[in-house]
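Enquirer: Here it is: the structure, laid out below.
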Amino acid sequence: MGLREELLKSIWHAFTALDVDKSGKVSKSQLKVLSHNLCTVLNVPHDPVALEEHFRDDDEGPVSNQGYMPYLNKFILDKVQDNFNGLDFNRMCWTLCSRKNLTKNTLLITDDDAFKIWCIFNFLTEDKYPLTLVTEEIEYFLRKLTEAMGGIWIEEKFEDYKIQLNAKQQCLSVWELIELIGTGHFSKGMDRQTLSMGINEVFQELILDVLKQGYMMKKGHKRKNWTERWFVLKPNVLSYFVNENLTEKKGHVVLDGGCCVESLPDKEGKKCLFLIKCAGKSFEISASDKKKKQEWIQAIQTAVNLLRQGLPAPHKEARQKRKELRQKLQAEQEAVEQRMKELQIANESKQRELETMRRKLQEDAANAAEEERRRQQTQTELHDRYRTDLEREKMVRQQMEEEVAQKSSELEQYLQRVRELEDMYHRLEESLEDERQARQDEETVRKLQARLLEEEATKRAELERLHLQQQKAISRTEAEKQELEQQRIGKEQALQAAMLQLDQLESERKEALEQYEEVMKKLENAANKTRSWKDKVAQHEGLIRLIQPGSKGPQLITNWGAAAFTEAELNLREKSWQEKKSSVTQ
């Protein structure tokens, strides 16, 4: 079913809700508001000029559904792209129609649950207006809801309800379906929260295309830690959130035909592991138990197979198959009815022929009686005159009686033949019914065998492919293991060499430290000797004064008088002391 047909269902509810007096027409002002809201939620550019041109003020009276459809198709539905929020669109249409039709006082469900049932109703109905839900789809929805609530489906209870429903109309409107679920007719013994959770689970599967959801542990890509996430599987993506409220999305895995799922052995204290490989990226996930692990692997593999084959979601494909089966059964029923009509017409024709023959016999008998009466009257009147003809008249009467008896016998035989034909007709109908049932059973068995053969071939091919992948993975793992072993040996050798170098450097550092301490001691001794020597020199220089030629420059004056050397000589001596001191320090 296309996007246009799905949108038209919700719009039909909104249009019907605006039709207050149920005349099939809605005022122009309401349609303008409806069109503007549709353009807003569907992300379609709003054209007020075209809207005013279509709903001109010179047009008298409201607009019918047929009058609104050209504008809706041309200016809204033809421009719709797959870039809008379907829930917002359904919520807008639900708001318009629920105010008028929904009675909340007697219901055990919330307004949000009623909205989800409304969306499920639109999904399961066919695009035939007014929209109604047939008995098969009602049973399908109630089975799904019972399984989601963890209850047991009671076939006898639904059969009783089906008999009551068939006695009335054989289908339900959306408000009757909401009332049926909201009054708890098929959920007795369940509390409101369980019913709400069941409705939400069916809504997520049928409307949001959720194939499976639940808590699992996921291994991080950077820190390699394990974190519990709420996973939601859809036909083309696996999303994971912080919790089941879906408020904070942490990431997603885009699925395609090249993805694969592999089971992993237990490691790192984690059990029930499996691996998702997709687009050059891998995700390690841990389920709570083996059953959950197998269910998730099967669900993800089913989604990948659907993407490879280009098939829709399983519930959409099942809905299409149920629709085709109903159409096929309806066509067969119409053919049987047409055949019954033809047989009835033929039977009526035979009955008319028999009635004509019966009337003819009655007329012949009446004519014979009238002739006998006339003959007797004539015989009475002309008894004397025609006595000689009495014998001849008796013979004629006997012949007529024999003929009447013969015709009566033929009529009885003909009626017996008609009864035999009717019995033969009934037996023929039973034979035709048995043959049709046998053909249906044969076709069902043939389809089942073909499907089983196809599934077996698919599973065999998948097992062979998985075996080849495992062989390749084992060979790659062995090669990587050898390479890692060589790297480990090389790193250990490098580590040993580095440890030897470190020990050597440590010994050299100790020797250098000892040499440094010895040098420091020598420098300290040299400094002490230098200070004592300087003192001695200073004392001697104060007492001894060499006889030298006098300097022309000014002489230095000490505490003991004129110095024995000049300032230039003092600078030279200081410079030589500094050089000696630096050489000793080095």
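The values are calculated or read from the model by the stated rules, or taken from the named source; none is laboratory data. Keep in mind that this is a model prediction, so the values were computed, not measured. Methodologically, a virtual Cβ is constructed for each residue, glycine included, from the backbone with ideal geometry; neighbour enumeration extends over all protein chains shown. Accessible surface is based on the protein model in full, side chains and every heavy atom, while ligands, DNA and RNA are left aside. Shrake-Rupley method; radii C 1.70, N 1.55, O 1.52, S 1.80 Å.
Enquirer: Which is touching a strand residue (DSSP E or B) at 6+ places or on another chain (Cβ under 8 Å) and either farther than 20 Å from Ile199 by Cα or assigned to a helix (DSSP H, G or I) (or both), of Phe84, Phe89, Phe115, Phe121?
Expert: Phe121
Enquirer: Kindly list, by first and then second residue, each pair from a residue in the range 198-215 that is aromatic (Phe, Trp, Tyr) and open to solvent by 50 Å² or more (accessible area, probe 1.4 Å) to a residue that is outside any loop (DSSP other than H, G, I, E, B) and at pLDDT 85 or above, limited to pairs with Cβ atoms under 8 Å and residues at least 6 apart or on different chains.
Expert: Pairs that qualify, where the first residue is aromatic (Phe, Trp, Tyr) and open to solvent by 50 Å² or more (accessible area, probe 1.4 Å) and the partner is outside any loop (DSSP other than H, G, I, E, B) and at pLDDT 85 or above, are Tyr215/Glu228; Tyr215/Arg229; Tyr215/Trp230; Tyr215/Phe231.
Enquirer: Follow-up question, since we're still on this one. Can you report the number of residues in the range 327-353 which are in contact (Cβ under 8 Å) with a residue 12 or more places away in the chain and surrounded by fewer than 11 Cβ atoms within 10 Å (Cβ to Cβ)?
Expert: Total satisfying the criteria: 0.
Enquirer: Okay, next question. Starting from the range 506-517, take each residue that is without any contact (Cβ under 8 Å) to a residue 12 or more places away in the chain and list its partners that are loosely packed, with under 10 Cβ neighbours inside 10 Å and outside any helix (DSSP H, G or I), counting only C-beta distances under 6 angstrom and pairs at least six apart or across chains.
Expert: Matching pairs, first to second residue: none at all.
Enquirer: Go through the range 7-27 and count every residue that is part of a helix (DSSP H, G or I) and of a type outside the set (S, T, N, Q). Give the steps one after another, and end with the answer.
Expert: Residues of the range 7-27 part of a helix (DSSP H, G or I): 7-18.
Now drop any that are not of a type outside the set (S, T, N, Q), which leaves 7-9, 11-15, 17-18.
Counting residues in the range 7-27 that are part of a helix (DSSP H, G or I) and of a type outside the set (S, T, N, Q) gives 10.
Enquirer: Also, I was wondering about something else. Any residue in the range 252-274 that is in a strand (DSSP E or B), in contact with a Ser or Thr (Cβ under 9 Å, 6 or more places away or on another chain) and open to solvent by 60 Å² or more (accessible area, probe 1.4 Å)?
Expert: For the range 252-274, residues in a strand (DSSP E or B), in contact with a Ser or Thr (Cβ under 9 Å, 6 or more places away or on another chain) and open to solvent by 60 Å² or more (accessible area, probe 1.4 Å): present.
Enquirer: Could you list, in sequence order, all residues of the range 95-107 that are open to solvent by 10 Å² or more (accessible area, probe 1.4 Å) and either assigned to a loop (DSSP other than H, G, I, E, B) or among the hydrophobic types (A, V, I, L, M, F, W, C) (or both)?
Expert: Here is the first cut: in the range 95-107, the residues open to solvent by 10 Å² or more (accessible area, probe 1.4 Å) are 95-96, 98-107.
Answer for the range 95-107, where residues must be open to solvent by 10 Å² or more (accessible area, probe 1.4 Å) and either assigned to a loop (DSSP other than H, G, I, E, B) or among the hydrophobic types (A, V, I, L, M, F, W, C) (or both): Leu96, Leu102, Thr103, Lys104, Asn105, Thr106, Leu107.
Enquirer: Looking at the range 275-292 only, could you name the residues that are closer than 17 Å to Leu466 by Cα and open to solvent by 60 Å² or more (accessible area, probe 1.4 Å)?
Expert: Taking the range 275-292 first, the residues closer than 17 Å to Leu466 by Cα are 275-278, 282.
The one that is closer than 17 Å to Leu466 by Cα and open to solvent by 60 Å² or more (accessible area, probe 1.4 Å): Lys277.
Enquirer: Among the residues of the range 293-304, write down those that are in contact (Cβ under 8 Å) with a residue 24 or more places away in the chain and either open to solvent by 90 Å² or more (accessible area, probe 1.4 Å) or closer than 21 Å to Asp209 by Cβ (or both). It would help to see each step written out before you state the result.
Expert: Let us first name the residues in the range 293-304 that are in contact (Cβ under 8 Å) with a residue 24 or more places away in the chain, namely 293, 295-297, 299-304.
Of everything in the range 293-304, those that are in contact (Cβ under 8 Å) with a residue 24 or more places away in the chain and either open to solvent by 90 Å² or more (accessible area, probe 1.4 Å) or closer than 21 Å to Asp209 by Cβ (or both) turn out to be Glu295, Trp296, Ile297, Ala299, Ile300, Gln301, Thr302, Ala303, Val304.
Conditions tested, residue by residue: (1) open to solvent by 70 Å² or more (accessible area, probe 1.4 Å); (2) over 26 Å from Lys100 (Cβ atoms); (3) out of contact with any Cys (no Cβ under 7 Å at 6 or more places or on another chain).
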position: Gly150; (1), (2), (3): no, yes, yes
position: Trp153; (1), (2), (3): no, yes, yes
position: Ile163; (1), (2), (3): yes, yes, yes
position: Asn166; (1), (2), (3): no, yes, yes
position: Gln169; (1), (2), (3): yes, no, yes
position: Val174; (1), (2), (3): no, no, yes
position: Leu180; (1), (2), (3): no, no, yes
position: Gly184; (1), (2), (3): no, no, yes
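Enquirer: Given Thr110, Thr132, Thr146, which one is out of contact with any Leu (no Cβ under 7 Å at 6 or more places or on another chain), of a type in the set (S, T, N, Q) and open to solvent by 50 Å² or more (accessible area, probe 1.4 Å)?
Expert: Thr110 is the lone residue from the list that is out of contact with any Leu (no Cβ under 7 Å at 6 or more places or on another chain), of a type in the set (S, T, N, Q) and open to solvent by 50 Å² or more (accessible area, probe 1.4 Å).
Enquirer: Shifting gears a bit: Filter the range 17-41 down to residues that are of a type in the set (S, T, N, Q), over 28 Å from the mean Cα position of the chain (by Cα) and open to solvent by 60 Å² or more (accessible area, probe 1.4 Å), then give me how many there are.
Expert: Result for the range 17-41: 3.
Enquirer: Exactly one of these conditions fails for Asn525: (1) surrounded by fewer than 10 Cβ atoms within 10 Å (Cβ to Cβ); (2) at pLDDT 65 or above. Give me its number.
Expert: The single condition Asn525 does not satisfy is (1).
Enquirer: Please determine whether any residue of the range 409-418 is open to solvent by 100 Å² or more (accessible area, probe 1.4 Å), within 30 Å of Arg436 (Cβ to Cβ) and modelled with pLDDT of 85 or more.
Expert: Yes: the range 409-418 contains one or more residues that are open to solvent by 100 Å² or more (accessible area, probe 1.4 Å), within 30 Å of Arg436 (Cβ to Cβ) and modelled with pLDDT of 85 or more.
Enquirer: Please list, ordered by first then second residue, the pairs with beta carbon atoms under 9 Å, 6 or more apart or interchain, first in the range 355-380 and on the phi < 0 side of the Ramachandran plot, second open to solvent by less than 100 Å² (accessible area, probe 1.4 Å) and outside any helix (DSSP H, G or I).
Expert: Sorted first by the residue in the range 355-380, then by its partner, the pairs are Thr378/Tyr386; Gln379/Tyr386.
Enquirer: Can you tell me which of (1) surrounded by fewer than 16 Cβ atoms within 10 Å (Cβ to Cβ); (2) out of contact with any helix residue (DSSP H, G or I) (no Cβ under 7 Å at 6 or more places or on another chain); (3) not small (Gly, Ala, Ser) is the one Leu311 doesn't meet?
Expert: Answer for Leu311: the failing condition is (2).
Enquirer: Are there any pairs with C-beta distances below 9 angstrom linking a residue in the range 133-146 that is closer than 16 Å to Met190 by Cβ and of a type in the set (D, E, K, R) to a residue that is open to solvent by less than 40 Å² (accessible area, probe 1.4 Å) and at pLDDT 85 or above, with the two at least 6 apart or on different chains, and if so which?
Expert: Matching pairs, first to second residue: Lys144/Ile120; Lys144/Gly198; Lys144/Val202.
Enquirer: Any idea how many residues of the range 227-246 are over 21 Å from Gly280 (Cα atoms), at pLDDT 85 or above and of a type outside the set (Asp, Glu)?
Expert: Residues flagged as over 21 Å from Gly280 (Cα atoms), at pLDDT 85 or above and of a type outside the set (Asp, Glu) within the range 227-246 amount to 7.
Enquirer: Taking only pairs six or more apart or across chains, which ones have beta-carbon atoms under 9 Å, a first residue in the range 236-257 that is under 15 Å from Tyr215 (Cα atoms) and free of Cβ contacts under 8 Å to residues at least 12 places away in the same chain, and a second residue that is among the β-branched types (Val, Ile, Thr) and surrounded by 12 or more Cβ atoms within 10 Å (Cβ to Cβ)?
Expert: Partner pairs satisfying both residue conditions: Glu248/Val242; Lys249/Val242.
Enquirer: Also, quick follow-up: Return the residue satisfying two criteria in turn: it lies in the range 354-369 and is charged (D, E, K, R) and open to solvent by less than 90 Å² (accessible area, probe 1.4 Å), and of such residues it is farthest from Arg397 (Cα to Cα). Reasoning before the result, please.
Expert: To start, the set of residues in the range 354-369 that are charged (D, E, K, R) comprises 355, 358-360, 363-364.
Add one more test, that the residue is open to solvent by less than 90 Å² (accessible area, probe 1.4 Å), and what stays is 355, 358, 364.
On the way: Glu355: 27, Arg358: 22, Asp364: 14 Å.
Applying the filter and picking the extreme gives Glu355.
Enquirer: So, Lys157, is that one surrounded by fewer than 14 Cβ atoms within 10 Å (Cβ to Cβ), charged (D, E, K, R) and within 21 Å of Gln330 (Cβ to Cβ) or not?
Expert: Details: surrounded by fewer than 14 Cβ atoms within 10 Å (Cβ to Cβ): yes; charged (D, E, K, R): yes; within 21 Å of Gln330 (Cβ to Cβ): no.
When the stated conditions are applied, Lys157 does not pass them.
Enquirer: Restricting to the range 298-346, and then to whatever is among the basic types (Lys, Arg) and modelled with pLDDT under 85, can you tell me which residue is farthest from Gly258 (Cα to Cα)? Working first, answer last.
Expert: Just the residues of the range 298-346 that are among the basic types (Lys, Arg), to begin with: 308, 316, 319, 321-323, 326, 328, 339, 341.
If we keep only those that are modelled with pLDDT under 85 too, we end up with 316, 319, 321-323, 326.
On the way: Lys316: 23, Arg319: 27, Lys321: 28, Arg322: 31, Lys323: 32, Arg326: 36 Å.
Once the filter is applied, the top-ranked residue is Arg326.
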